[in-house]
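Derivation of every value follows stated rules applied to the coordinates shown; laboratory data play no part. It should be emphasised that the depicted structure is a prediction, and the values quoted were computed from it without experimental measurement. Virtual Cβ from ideal backbone geometry, glycine too; neighbours counted across all protein chains shown.
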Amino acid sequence: MLQATSPWSMTGSGASSRRHNPVRYALRLTEAQHDLLRTHLFPGDGNEAVALLLCGRRNGSGRHAFCVQKILPVPHSACSVRTPDRITWPTTFVDDLLSEAFASAQAIVKIHSHPGYYRKFSSADDQSDRALYDSVSSLLGDALPHASVVMLPDGQMFGRVVAAGEIVQPLSSITVTGSDLKLYGAGADASTSTDAFALRHAQAFGKGTTALLRSLSIAVVGCSGTGSIVIEQLARLGVGRLVLIDPDCVEEKNLNRILNSGKEDAYLKRYKVHVLASAIARMGLGQEVLPLPLNLATREAVLAVAECDVVFGCMDGVEGRHLLNRIATFYSIPYFDAGVRLDADGKGGISSIAGAVHYLQPGRSSLLSREVYTMKQVEAEELKRTNPDLYAELRRAGYLRGVDEDRPAVISVNMLYASLAVNEFLARVHPYRNQPNSDYAYLGASLSEVGFYPESEAADCLALKRHLGRGDVEPLLERPSLS
Ligand SMILES: [Zn+2]
């Protein structure tokens, strides 16, 4: 029996080459932030320009993310020199960000333009980065990494990590999350050969997309009826690293819909995440898998999800989805949510089969602002998990509406919505629809009505937007229960 070993299981031929990876550094920003920067950095006069970014961090041991929270454009008129290949600007502008950076251990990222498409850092850049970050580190009194980034006229970016005045290494990836998902740098270092199993995807989506999928780390929260099918697809598409989160063991009642599960798993009470990690190991496609048999509302699970480039939510309840939306906002991560609803009529028949895929961009609308649920429902579920006796009492007394209990679930229905969710993700990294992706922030689908019901992005969620890019804070996500 192949059993994935916790915490890390690594499979196939890629395992040995990836064992001693250096820390991977990522920069994450939204399309709106990218647009604002591009407008400032390319004012139309052909000269260089500069801006400073205040970034929250996910300061993990193997993965470090800089999440853009605030942009400070250095005014063009304040720069003493601006030519097509040089810029001199007063570093007093850094002072404005230092106290905020100091208060919450945030990073300062310098970004400047190369109007002539020079695709490297110049020796002048080396000098200026060393001087700037030497003084930033001594003023902040720590040796935490910061970054320096260059934008080219077409919006492409590249960057490097600088710590205590030393240039450390290039940024592994820069993610821009908008209606489309743009990843710069990601996959660029992937080998030129395409594994045989991925060849068919390579033909359909191009070598770039296949290499990009290989470079990505994706979390799937909820590994049951819908989640196991999402995981199967992501693994076989060749996603490089999968983080699986689900606190439950396989039970006999799940065997009608969890892929790769069997009676023995139910008998031995194996965790769903371990069963699925074993299945991925058996595929032997050289992926990393981190199976975490935990509720998402735990510190370890939140931090593991926050280190991923993309998240999928495949949960029945609303508490976990609400939390995942919050994680995705604090850490600036694109979030795909799959929900299925199968209603029985109580007489052995089905009254409706409907479901939806929500694509949630950090800083834009949320599941809450889209009115997928209310805070009352979230609180009821949280109470049921943390204090079941009080929950039962309040429910008996009529103070609470009951949380939805086990609904009927059918694998063929789950497969449809799991597939829509993964295709939604693929459409964002490699647009293939006739209409722009912005038309499909929400994709409802009904089997009862037999139809698709897309909707475009709604108004921003003001409750979540203020947390965009804040990264690690204490208590985590401003939730005392996660401290
Ligand atoms: Zn430069």
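Rounded to the nearest 10 degrees, the angle from helix 123-140 to the longest Cα principal axis of the chain is 70 degrees. Out of the DSSP beta bridges found with both residues in region 20-177, what percent are antiparallel (nearest 5)? So the antiparallel bridges amount to about 65 percent of the total.
For the pair SER483 and SER80, the difference between a 0.36 nm per residue extended length and the Cα-Cα distance amounts to 140.5 nm. Multiplying the residue separation of THR386 and ARG119 by 0.36 nm and removing their Cα-Cα distance gives an extension gain of 90.8 nm.
To the nearest 0.05, what FRET efficiency results for LEU394 and ASP345 with a Förster distance of 30 Å applied to their C-beta separation? It comes out at approximately 0.55.
Take every Cα pair under 8 Å whose residues are at least 6 apart in sequence, average their separation, divide by the length of region 341-483, and the relative contact order is 32 percent.
Fully extending the segment from LYS465 to GLN127 would add 118.0 nm, taking 0.36 nm per residue of separation and subtracting the current Cα-Cα distance.
Between GLY46 and any residue 5 or more places off or on another chain, the built amide H atoms are never under 5 Å apart.
The long axis of helix 227-237 is offset from the longest Cα principal axis of the chain by roughly 50 degrees. When the chain is described by a simple charge dipole with +1 on each Lys and Arg Cβ and -1 on each Asp and Glu Cβ, the residue from VAL150, ALA65, ALA409 located farthest towards its positive end is ALA409. Spatial offset of region 47-73 relative to region 115-169 amounts to 11 Å, using the alpha carbon center of each. The relative contact order of the chain comes to 16 percent, based on Cα pairs under 8 Å that sit 6 or more residues apart.
Estimated from the Cβ-Cβ distance and a Förster radius of 56 angstrom, the FRET efficiency linking TYR453 and ASP96 is about 0.75.
From helices alone, the chain scores -9500 deg cm²/dmol at 222 nm; the rule is -39500 (n - 2.57) for each run of n ≥ 4 DSSP H residues, then divide by the residue total. DSSP finds beta bridges in the chain, and of those with both partners inside it, around 60 percent are antiparallel. Partners of LYS110 within straight-line reach, counting aspartates and glutamates whose Cα lies under 12 Å from its Cα and excluding those fewer than 8 residues away in the same chain: ASP125, ASP129.
The listed peptides 464-477, 341-354, ordered by packing as a protection proxy, come out as 464-477, 341-354 (highest mean of other Cβ atoms within 10 Å first). Backbone geometry of region 262-276 corresponds, through the Karplus equation with coefficients 6.51, -1.76 and 1.60 at θ = phi - 60°, to 3J(HN,Hα) couplings of x, 4, 4, 5, 5, 4, 8, 6, 6, 5, 4, 5, 6, 4, 6 Hz, x marking Gly and Pro. Using the Cβ-Cβ distance between SER352 and GLU166 with R0 = 51 Å, the FRET efficiency computed as 1/(1 + (r/R0)^6) comes to roughly 0.25. Sorting 152-162, 106-116 by average packing, meaning the other beta carbons within 10 Å per residue, from highest down gives 106-116, 152-162. Note on the chain: Cα-Cα pairs beyond 37 Å make up 29% of the total pair count. Angle of helix 411-429 to the longest C-alpha principal axis of the chain, folded into 0 to 90 degrees and rounded to 10: 10°.
For region 471-483, the Karplus equation 6.51 cos²θ - 1.76 cosθ + 1.60, evaluated at θ = phi - 60°, returns couplings of x, 5, 10, 10, x, 3, 6, 6, 10, x, 5, 9, 7 Hz by residue, with Gly and Pro reported as x.
Of all lysines in the structure, the ones whose alpha carbon falls short of 18 Å from that of LYS272, not counting any fewer than 8 places away in one chain, are LYS253, LYS263. Working from the pairwise distances between different alpha carbons, so that the mean of 1/r is found and then inverted, what is region 97-155's Kirkwood radius in Å? Taking every pair of different Cα atoms in region 97-155, averaging 1/r and inverting gives 12.6 Å. Of interest is the spacing of the C-alpha centroids, which for region 219-235 and region 448-467 amounts to 22 Å.
Annotation: aspartates and glutamates with alpha-carbon distance below 17 angstrom to LYS182 (same-chain offsets under eight excluded): GLU31, ASP35, ASP154, ASP309, GLU424.
For ASP472, the residues 5 or more places off, or on other chains, whose built amide H falls under 5 Å of its own are ARG57, ARG58, ASN59. Relative contact order of region 20-177: 26 percent, from C-alpha pairs under 8 Å at least 6 residues apart in sequence.
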